[in-house]
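The values are calculated or read from the model by the stated rules, or taken from the named source; none is laboratory data. None of these values were measured; they are calculated from a predicted model. Here the Cβ positions follow ideal geometry from the backbone for every residue, glycine too, while neighbour counts run over all protein chains shown. Each accessible area value is taken on the protein alone, full model and side chains, heavy atoms only, with ligands, DNA and RNA left out. Shrake-Rupley method; radii C 1.70, N 1.55, O 1.52, S 1.80 Å.
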Amino acid sequence: RTLYRREPNGEISEVASVPYDGQADDPLFARIRFLWGLHLDAQDNVYVADPPFRRMLRIAPDGTQSVVLTAEAPWFPTAAYRRGGVVYVQEFATDDRGTSGPRIRQVLPDGSVHLVGDLDTLIARSR
């Protein structure tokens, strides 16, 4: 659960480490000990999904971490993309019926979160 940077000269350095204390709120996620969906923006911030804790993290070039979004159960983030100051987060859900999704939410610069769309809505509209 450590993010490394490889410099052009081949040197490898640690950018950030995301602790895992085994206290994930979902048994499925208790087994996931890695980060998903890396995205590097124009300011060299890294966006990374931390599924066990249902959050999307931003890691600044200096290694400072902040939570961009925390998903409510049963949803969890898997990837992000930043454009024009807006962060788009892809999420999936898992429950007793299996996995569903995806849905896309956007995080605006003021921190507000809005649903852009989800697969279930798109399917319903196409019928």
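Among residues of segment 70-98 that are within 14 Å of V46 (Cα to Cα), those with a beta-carbon under 6 Å from a residue that is part of a loop (DSSP other than H, G, I, E, B) and among the acidic types (D, E) at least six positions away or on a different chain give the pairs R82/D41. With respect to being closer than 20 Å to Y4 by Cα and touching a His at 6+ places or on another chain (Cβ under 8 Å), A79 fits the description. Could you list, ordered by first residue, the pairs with Cβ atoms under 6 Å in which the first is in segment 102-116 and among the polar types (S, T, N, Q) and the second is open to solvent by less than 50 Å² (accessible area, probe 1.4 Å), at least 6 apart or interchain? Filtered contacts from segment 102-116: Q106/V86. Taken residue by residue, segment 79-86 has no member that is under 14 Å from the mean Cα position of the chain (by Cα), crowded, with 17+ Cβ neighbours inside 10 Å and modelled with pLDDT under 90. Under the condition of being modelled with pLDDT of 80 or more and open to solvent by 50 Å² or more (accessible area, probe 1.4 Å), the residues counted in segment 15-71 number 15.
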